[in-house]
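This report refers to the structure that appears directly beneath it.
The values are calculated or read from the model by the stated rules, or taken from the named source; none is laboratory data. None of these values were measured; they are calculated from a predicted model. Using ideal geometry, Cβ is built from the backbone for each residue, glycine included, and neighbour counts are taken over all protein chains shown. Quick note on the areas: whole protein, heavy atoms, side chains included, nothing else; ligands and nucleic acids left out. Shrake-Rupley method; radii C 1.70, N 1.55, O 1.52, S 1.80 Å.
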Amino acid sequence: MCYIQSESKTFDRGDAVKEACSERVKQTFNKLTPSQRRIAEYVLENWDAVAFMAAKQLGQVTHSSDAAVIRFSQTLGFEGFTELRATMRGELI
């Protein structure tokens with residue numbers, strides 16, 4: 001799961017998941033590699049589609065490697081893209 005601790009509250013599930021993960025992307029954006037920044041921008045703009053993509057597909061549409069997609073997910077605090085995608089899907093359901 002993607003957990004975000006802010007000054008006023010902790011986001012943990014439900015409707016807050018997308019907001020929390022989006023905030024995590026925004027907070028780490030300046031620390032990301034150029035490839036990971038392309039991935040981040042695509043994820044933020046295409047949340048619903050990314051939730052059903054494979055790492056390889058996301059890499060292709062962002063002109064990145066699937067390894068970069070996995071590293072991006074890990075930078076956000078997930079074990080890998082599979083966990084990030086599961087979290088995104090859970091938010092959509």
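Before moving on, here are some points about what is shown:
- Residues that are under 12 Å from the mean Cα position of the chain (by Cα) and among the polar types (S, T, N, Q) within region 51-93 comprise S73, Q74, T75, T82, T87, listed in sequence order.
- Criterion: in contact with an Asp or Glu (Cβ under 9 Å, 6 or more places away or on another chain), within 20 Å of E19 (Cα to Cα) and open to solvent by 10 Å² or more (accessible area, probe 1.4 Å) - qualifying residue of E83, E79, E91: E91
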